[in-house]
1. Quick one: in region 151-168, which of the residues that are in a loop (DSSP other than H, G, I, E, B) and free of Cβ contacts under 8 Å to residues at least 60 places away in the same chain is farthest from residue 189 (Cα to Cα)?
2. Hey, could you check region 130-150 for residues that are touching a strand residue (DSSP E or B) at 6+ places or on another chain (Cβ under 7 Å) and part of a helix (DSSP H, G or I) and say which is nearest to residue 238 (Cα to Cα)?
3. Output the number of the condition that residue 417 fails; it satisfies all remaining conditions of (1) of a type in the set (A, V, I, L, M, F, W, C); (2) in the same structural domain as residue 294 (by TED's automatic domain parsing); (3) surrounded by 18 or more Cβ atoms within 10 Å (Cβ to Cβ).
4. I'd like the residue in region 435-469 that is polar (S, T, N, Q) and in a loop (DSSP other than H, G, I, E, B) and, out of all such residues, is surrounded by the fewest Cβ atoms within 10 Å (Cβ to Cβ).
5. Show the residue pairs that are 6+ apart or on different chains and have beta-carbon atoms under 7 Å apart, the first residue being within region 245-270 and of a type in the set (Lys, Arg), the second being part of a loop (DSSP other than H, G, I, E, B).
6. Restricting region 354-402 to residues that are modelled with pLDDT of 95 or more and among the basic types (Lys, Arg), which is nearest to residue 315 (Cα to Cα)?
7. Look at region 504-520 and say how many of its residues are buried (at least 17 other Cβ atoms within 10 Å of the Cβ) and more than 33 Å from the chain's Cα centre (by Cα).
8. Identify, from the list 562, 525, the residue that is assigned by TED's automatic domain parsing to the domain that holds residue 488, out of contact with any strand residue (DSSP E or B) (no Cβ under 7 Å at 6 or more places or on another chain) and of a type outside the set (Gly, Ala, Ser).
Amino acid sequence: MRSHYCGELNEARIGETVSLCGWVHRRRDHGGVIFVDLRDRDGLSQVVFDPDRADTFALAETLRNEFVVRVTGLVRARPDGTVNKDLTSGGIEVLAHELEVLSAAKTPPFQLDEHASVSEDVRLRHRYIDLRRPEMIDRLRFRSKVTNTIRNYLDDNGFLDIETPILTRATPEGARDYLVPSRTHPGEFFALPQSPQLFKQILMVAGMDRYYQIAKCFRDEDLRADRQPEFTQIDIETSFMNEEQIMATTEEMIRQTFKRHLDAELGDFPRMTWGEAMRRFGSDKPDLRIDLEFTDIADLMAAVDFKVFAGPANDAASRVVALRVPDGASLSRKHIDDYTKFVGIYGAKGLAWIKVNDINAGLEGLQSPIIKFMPEAVVKQVLERLQAQTGDIIFFGADKANIVNEAIGALRLKVAADLGKVREGWAPLWVVDFPMFERDKEGNLNSLHHPFTAPSCTPEELRANPDQALSRAYDMVLNGTELGGGSIRINQPQMQSAVFDLLGIGEEEAQEKFGFLLTALASGCPPHGGLAFGLDRLIMLMTGATSIREVIAFPKTQSAACPLTDAPGPVSAKQLRELNIRLREQPAAPSA
């Protein structure tokens with residue numbers, strides 16, 4: 001039906017007769033001449049309807065925004081003074097000879113050039129309109145090109161694209177499963193995969209050697225701007241490669257992707273241990289574009305009478321840190337109060353601070369509500385350790401280590417953004433040497449990643465000192481966002497048994513949940529490892545979008561709902577009976 005896309009036309013087509021198909025973006029009547037901006041996925045072309053062609057002109061008068069039309073006409077140069085340099089087609093226009101209305105449209109719920117003032121819920125409910133916006137078209141086109149580049153890279157490096165099941169068995173991988181009731185097996189359930197982890201390991205046992213998949217994954221967990229209940233990951237697994245080789249291969253993949261699509265040189269990918277990252281930044285995915293760092297001061301606060309500091313300073317499970325912000329003394333009290341509320345989101349009970357108005361004036365040069373509770377010698381030691389300067393503000397965190405890390409870590413990012421202390425560009429990083437386990441509130445061990453991650457010690461050493469054991473895991477971080485994480489996997493039954501024992505997974509439970517994998521591992525399993533990248537996060541970063549919902553064609557809301565289809569929704573009683581499911585009646589609301 002069409003000979004060209006609207007965005008393809010330029011001065012080289014002058015004198016040609018073309019056929020265009022698309023949507024009416026805007027119609028303008030100017031002194032007996034009708035101008036229509038015709039839009040398709042590649043851009044806009046201006047179409048002119050002259051009253052000399054009466055039938056075509058009369059039909060053009062009926063056009064409204066978002067009508068779908070086909071136009072045939074002559075490409076000609078725009079008159080002097082009307083060239084639009086912002087468009088590829090801005091130097092030409094199409095004089096319409098024929099017009100066909102392929103589909104009329106109701107008045108759209110919002111104009112495509114006014115989307116900024118429209119709520120996200122409205123945009124998602126009418127996603128078919130929202131996706132017509134050039135920004136959304138460009139992002140989805142960009143996503144398609146990036147996935148093509150990644151596929152080509154992995155294909156060229158000997159990886160096989162292999163699909164793994166969507167309907168599988170519920171297994172504990174750190175988040176809740178989405179469960180699918182089975183009609184043919186009454187009372188039993190499939191689970192949607194949180195990742196292809198178990199299947200890709202079995203593929204290594206099967207000798208596939210190098211596997212990849214652009215895989216759909218599902219997790220029933222609380223959502224944030226960079227999370228969705230269903231998401232896409234670039235899943236990679238390989239045999240007979242150690243962590244250094246896997247990291248080098250995937251690093252080069254990301255490096256080539258950024259170079260090809262953004263013409264960006266990522267430079268070196270430095271290495272940082274998990275312990276160093278948590279000590280310096282309170283985060284296992286630090287943004288290295290920000291120079292602000294934690295300074296531990298528990299030793300200075302252990303003997304002070306100020307219990308807010310002394311209590312955590314004498315608790316092995318707590319931290320006392322200071323964050324020096326150069327030029328931060330200019331922050332108003334309102335700013336500081338807002339930051340106090342902000343850290344409260346992460347469990348902090350308050351936010352202590354000191355403004356350094358004049359470093360040479362001693363205590364007289366400081367402004368703070370906490371100085372009166374601290375010996376002058378301690379204040380001086382804190383300033384010296386932080387190398388404080390006139391114009392600084394110092395924020396303090398004192399609480400359980402996880403609260404301090406999360407609260408002051410988040411404050412570091414927010415203050416840096418507010419004060420313009422985030423450098424431009426890209427700051428990649430590998431975080432390595434993660435702990436093998438973490439303890440929950442009851443003191444039980446849980447895998448920091450998953451129970452198939454290999455430790456960097458022997459089974460005997462692991463059993464003897466699990467809290468100090470490190471894993472052979474590695475995360476790629478970019479600008480404070482975890483792009484991907486992976487590890488070397490366990491391929492020895494003795495090691496897998498040791499990990500299961502420490503996690504409280506008995507032999508019977510292990511066989512019930514992972515028997516098929518354990519049998520495979522005992523059938524001649526090569527050393528293997530892998531890594532999975534979050535494709536949605538990668539595209540979000542590369543396009544500068546603020547949420548992964550802006551780079552997914554049909555995303556869910558933060559409540560895991562789809563406004564477009566109104567999912568999830570009820571099903572009929574007949575369907576429930578077929579699945580042997582009965583819904584529990586909800587208690588009636590109390591009467592007034």
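1. Step one: of region 151-168, the residues in a loop (DSSP other than H, G, I, E, B) are 157-159, 162-167.
Now restrict to residues that are free of Cβ contacts under 8 Å to residues at least 60 places away in the same chain: 158, 162-167.
Numbers: 158: 36, 162: 25, 163: 21, 164: 18, 165: 14, 166: 13, 167: 9 Å.
Only one residue tops the list, namely 158.
2. Residues of region 130-150 that are touching a strand residue (DSSP E or B) at 6+ places or on another chain (Cβ under 7 Å), as a first pass: 132, 147, 150.
Now narrow it down to the ones that are part of a helix (DSSP H, G or I): 147, 150.
Values: 147: 19, 150: 16 Å.
Looking at the filtered set, the residue picked out is 150.
3. It fails just one condition, (3).
4. In the first step, residues of region 435-469 are kept if they are polar (S, T, N, Q); the result is 444, 446-447, 453, 456, 458, 465, 468.
Among the residues that remain, those that are also in a loop (DSSP other than H, G, I, E, B) are: 444, 456, 458, 465.
On the way: 444: 12, 456: 17, 458: 12, 465: 10.
This residue is 465.
5. Listed by first residue and then by second, the contacts come to 255/266; 259/265.
6. 400
7. 1
8. Details: 562 fails: assigned by TED's automatic domain parsing to the domain that holds residue 488.
On inspection, the qualifying residue turns out to be 525.
The values are calculated or read from the model by the stated rules, or taken from the named source; none is laboratory data. Computed from a predicted model, the values in this text were never measured in an experiment. Glycine gets a Cβ as well: all are built from the backbone with ideal geometry, and neighbour counts include every protein chain shown.
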